[in-house]
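We did not get these values from a lab; they are worked out from the coordinates using the rules stated. Everything quoted here is computed from the prediction, not taken from an experiment. Reconstructed Cβ throughout: ideal geometry from the backbone, glycine too, with neighbour counts over all protein chains shown.
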Amino acid sequence: MSTIYEKLATTVLEGNSDKVPGLIQKGLDEGKTAKELLDNGLVVGMDEVGVRFKRGDMFVPEVLMSAEAMKAGMDPLRPLLAEAEEEMLGTIVLGTVEGDLHDIGKNLVAMMCEGAGFDVVNIGFDKPPEAFIDAIKEHQPDIVGMSALLTTTMRAMGHTIKAIEEAGLRDQVKIMVGGAPVDAEFADRIGADGYGSNAPSASDLAKEFVGAA
Amino acid sequence: MRTNYQVNSGVRFRMLSDDQLQELFEGVLHVLENTGLEVHHEESREILKDAGAWVDGKRVRVPSWLVKESLRKAPRSFTLYARDGNREHNIHIGPGRAHFGPGPTCPNFIDVETLERRPYVKDDVSKVARVVDALPNIDFCESLGSVDDVHADLSALYEFAHMFPNTSKPIVAWSFDKYDSEGIHKIAVAEAGGQEAFEQRPNYVHYCEPLSPLVSTFEALDKLVFAARKRIPLVFTPCPIAGGTAPITPAGIITQGVAESWMGLTIAQAIQPGLPFIMGGVFSVMDMNAMILAYGAPELPLMMAGLTELAHYAGLPLWQTGGCTDSKTFDEQALIEGSMSVYFSALTGGDLCHDVGYTESAMTGSVFQLAAMDEAIGYARRITRGIEVNEDTLAASVINDVGPNGHYLREQHTRRYYKNEFWYPNLCDRRNYEEWDMMGRKTMKDRTIARVRDILASHEPAPLKEGTGELIQEVLEEAEDRVEQDWWQDREIAD
């Protein structure tokens, strides 16, 4: 007889979104707290997803199914966690930088980070530095993630970081960058704190930033 | 509802026209009828004479009606069965199906631990068979070598005795003579559950090799007669060398080599009508500088493609050749030559493609070459599987749902197809630079060696049925007694 935690973890691993809310309800009925269901069930499942993806045993469409299942569990838990004044992992502001219309990769990062337990504010694509600065002021995130797909637009990430510095906000956020042409060396050169080579590694990086990895 | 609609379910490849194939076909009949072959086996000459061939001393000429009748009797489609009933390991021979496996009888082997070239020994057989059993794109088993550390007359028997327990994939069994063949057959029949059960579900193929040019040797025919009587599916595979033992032109070597094969066919079908007969063989060039039979030459896959088309034109399956190399080591040459020939072989749909894993022009077997070629075959098979076109696969409604600047990763459509539509490599590396760097900058060679060793450390083949293991021991002991007693002095060697 497996526990509710094991069932939740397995269901997330299988990417079965439909089954998750029912299990959450069952867990709550059994007297488990929202925090317990999150930490001992959903997060355990997502951690295993990360392990299998890195080993090459899971593929991106499956990882996204798991992330969706995680989200399906988070939706009913979120108000309960807020009520109990439980801290979320953190908040991430995400956007594609100015001049770049590419939306998809950044949205995948958003999904993965939500699946990992972050609150994600997705500000969209073709966003000038001011949009990032406004979002930081409004949402007080722990992390800012920016993306660029083109070699012609990746420099805009550097400009955005500089603008955040000039606005005096650089010290209150960790900055992660990504996108096809980006590598660790470039991230370092423009003054970012880290780089994720794909969506799952971006969410790993985010967890590292908040000390949850 | 579709009407008057044609589907190509794989990549279409065809080299020779119907007219060219007919001309080659008539050429073979002409050689068999007018030139004939030397047949060094008295019983076979009698069988041929009774069937309607003209026998003049050792020279036998076969009238074209008799060849055509023999072709008519031989099946184009049949199944080779896994000894353990594992349907995934069965081989269905028939149009549009290409299968792959190693070759036999290399004197040397690349040692799995030291990576050094050394004589092939008994212990290597089980290793090759277990790797064959585990590799997803290797369909049948041969041993990649001749066992050097047993009595010379028993190496084929030891080879089979060690392959059989270590893979349930069908085996193609090479042998010296019918004494080996008898021992091999005894083992296979015991596992199948008797001779009749074996005939219905054959679990191995018998392998004979005549001599070029135009000689049916005593041993090849003695084995053929044995196999035909026991209804063992038969590979009959000449190995003509263009410019040496065969005409230098591709059309010429094909004409001569097929005549050599069809002499065997005629005898086999006269003894056992309907016997599954897989026409050979290895057709390549004599390198006029190195004086070797070149296993990596482009003419090999080219000639083999012509041979495959002629075999299929005549209604026979083919013993294809590919995945082999003249390189002495696991290098770029080995992978270019091997990959090009397996891809070309896959395109032709040649039925059983052997010699995968040969290096050094068939002098050295390499299980690493075999494992790398498993990857190349997977790659080739994805291409030859082609593009499926129907309402669901052309995905107009999914395109509409996702729209501009959306993405497809979350679509049910993607989830339904991503495993089948994409081929996922086992050995080729697609990680980004940093991950590759972090994982120790492994090369294809490193990854191939690791995979082979991993298989050998972990893969367990399906066990034999109860009693077969003991029977194998008995067969080997009997054979050891026989060679002790110089039994060979009584052998029929008269031809």
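If you build the Cα gyration tensor of region A:4-83 and take the root of 5 times each eigenvalue, what three semi-axes come out, in whole angstrom, biggest first? Kindly include the intermediate steps, with their values, before the conclusion.
Working: eigenvalues 98, 24, 22 Å².
That gives 22, 11, 10 Å for the three semi-axes.
Once the Cβ-Cβ distance between B:E435 and B:R2 is put in as r, and R0 is 51 Å, what FRET efficiency do you end up with, to the nearest 0.05?
Numbers: r = 46 Å, r/R0 = 0.90.
The computed FRET efficiency comes out at 0.65.
What translational diffusion coefficient, in µm²/s and rounded to a whole number, does the Stokes-Einstein relation yield for region B:127-275 at 4 °C and a viscosity of 1.567 mPa s, taking the hydrodynamic radius as the Kirkwood radius over Cα pairs?
Numbers: Rh = 16.3 Å.
Diffusion coefficient, whole number: 80 µm²/s.
B:D446 versus B:D331, label points 7 Å from Cα toward the beta carbon: distance in nm?
2.0
Give the dimensionless ratio obtained when the Cα radius of gyration of chain A is divided by 2.2 N^0.38 Å.
Values: Rg = 17.6 Å, N = 213, 2.2 N^0.38 = 16.9 Å.
Output field value: 1.04.
Over region B:87-153, what lengths in whole Å, largest first, do the semi-axes of the equivalent ellipsoid take, defined as the square roots of 5 times the eigenvalues of the alpha-carbon gyration tensor? Present the calculation step by step, with values, prior to reporting the outcome.
Details: eigenvalues 140, 34, 21 Å².
Each semi-axis is the square root of five times an eigenvalue, giving 26, 13, 10 Å.
Which of the pairs B:K169/B:K442; B:K58/B:K230; B:K127/B:K169; B:K419/B:K442; B:K122/B:K328 have their Cα atoms more than 24 Å apart in this structure? Display every interim value, and only then the final one.
Working: B:K169/B:K442 31 Å; B:K58/B:K230 26 Å; B:K127/B:K169 14 Å; B:K419/B:K442 26 Å; B:K122/B:K328 22 Å.
Cα-Cα > 24 Å for B:K169/B:K442; B:K58/B:K230; B:K419/B:K442; rest within.
What number, rounded to the nearest 500 deg cm²/dmol, is the helix-based mean residue ellipticity at 222 nm of chain B, given -39500 (n - 2.57) per DSSP H run of at least four residues and division by all its residues?
Values: 18 runs with 221 residues, N = 495.
Here the helix-only value at 222 nm equals -14000 deg cm²/dmol.
So what's the convex hull volume per residue for the Cα atoms of region B:265-326, in Å³?
Values: hull volume 5.8 nm³, N = 62.
Normalising the Cα hull of region B:265-326 by residue number yields 94 Å³.
Can you give the local net charge around B:F236? Use residues other than it whose beta-carbon is closer than 14 angstrom to its beta-carbon, Lys and Arg +1, Asp and Glu -1. Let's see the in-between values first.
Working: positive: B:K223; negative: B:E209, B:E219, B:D222, B:E260, B:D351.
Value of the local net charge: -4.
Cut-off 20 Å, label point 7 angstrom out along Cα-to-Cβ of B:D481: give me the residues of region B:164-185 whose amide nitrogen falls inside.
Answer for region B:164-185: B:178-185.
Let me spell out the model: positive unit charges on the Cβ of Lys and Arg, negative unit charges on the Cβ of Asp and Glu, origin at the Cα centre of region A:4-83. What dipole size does that give, in debye rounded to 20? Intermediate results must be reported in sequence, preceding the final value.
Values: 10 positive and 14 negative charges, 23 e Å.
Using Cβ point charges on Lys, Arg, Asp and Glu, region A:4-83 gives about 100 debye.
Run the numbers for B:N289 and B:V11: contour at 0.36 nm per residue of separation, minus the present Cα-Cα distance, in nm.
On the way: separation 278, 0.36 × 278 = 100.08 nm, distance 3.66 nm.
Additional length available on full extension: 96.4 nm.
Pick out which of A:G168, A:G27, A:G115 has the largest mean-square fluctuation in a Gaussian network model of chain A, springs linking Cα atoms closer than 10 Å.
Maximum among the listed residues: A:G168.
Could you point to the residue in B:N108, B:L71, B:V125 farthest towards the positive end of region B:44-164's charge dipole, with +1 and -1 charges on the Cβ of Lys/Arg and Asp/Glu respectively?
Working it through, the farthest residue towards the positive pole turns out to be B:L71.
If each residue of separation counts as 0.36 nm, what is the full-extension length gain between A:Q172 and A:R52 once their alpha-carbon separation is subtracted?
On the way: separation 120, 0.36 × 120 = 43.20 nm, distance 3.32 nm.
Length gained between A:Q172 and A:R52: 39.9 nm.
Can you sort B:T79, B:T325, B:T245, A:T3 by how many other beta carbons sit within 10 Å, fewest first?
Details: B:T79 16, B:T325 30, B:T245 19, A:T3 13.
Going from sparsest to densest Cβ surroundings: A:T3, B:T79, B:T245, B:T325.
For a distance above 34 Å, tell me the whole-number percent of Cα pairs in chain B that qualify.
Working: 45364 of 122265 pairs.
Roughly 37 percent, once rounded to a whole number.
Once the Cα atoms of the protein assembly as shown are picked out, what are the Rg and Dmax in Å?
Cα only, the protein assembly as shown: 32.3, 104 Å (Rg, Dmax).
Using a 10 Å cut-off around each Cβ of peptide B:407-417, what is the average number of partner chain Cβ atoms that fall inside? All intermediate terms of the calculation are to be shown ahead of the outcome.
Details: counts 6, 2, 11, 9, 1, 1, 0, 3, 6, 1, 1.
Per residue, the number of nearby Cβ atoms from other chains is 4 on average.
As a test, work out the antiparallel percent of DSSP beta bridges whose residues both lie in region B:78-384, rounded to the nearest 5. All intermediate terms of the calculation are to be shown ahead of the outcome.
Numbers: 10 of 32 bridges.
Of those bridges, close to 30 percent are antiparallel.
Antiparallel versus total DSSP beta bridges in the protein assembly as shown: what percent is that, nearest 5?
In the protein assembly as shown, approximately 25 percent of DSSP beta bridges are antiparallel ones.
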